[in-house]
Amino acid sequence: MSIIIILVSTVTWVPGLLLFLLQSYLEGWSWFADNIWIASAIFISSLVLILLLALMSQAISAWVKWLVVLGHHCSDCSLFPQFSPRSSTKISGRAGDISLIYAL
């Protein structure tokens, strides 16, 4: 999860704060003092986005792992029965004989 946080940080709050610092350098100290709330908003909203994406990626990873486990051990319990290992015998009666029409 730390890799996701590092990679998403490089495209969210780091460039945003760099642009904020560039703007404050060009405009002066008074602009920086008046608009410091923008920098905190950039950081906090980016932090929320990073945590949301990291947690969603972990949840989806766990869900896919459970789908794979269920598909191999209990082919009748899978969410996509047309792709289960036993679907070929249900469709044609012979193992390994799946038509693309039935798979779609």
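Descending by average beta-carbon neighbour count within 10 Å, the peptides 11-22, 51-62 line up as 11-22, 51-62, the highest first. Its relative contact order, with pairs defined as Cα atoms under 8 Å and 6+ residues apart, puts the stretch 1-65 at 52 percent.
Extending 7 Å from Cα along the Cβ direction at Ile44 and again at Val14 yields two label points whose distance is 2.4 nm.
Read-outs throughout are calculated quantities, based only on the coordinates presented, and are distinct from any laboratory measurement. Just so we're clear, the structure is a prediction, and the values are computed from it rather than from any experiment. Neighbour counts run over all protein chains shown; Cβ positions are idealised from the backbone, glycine included.
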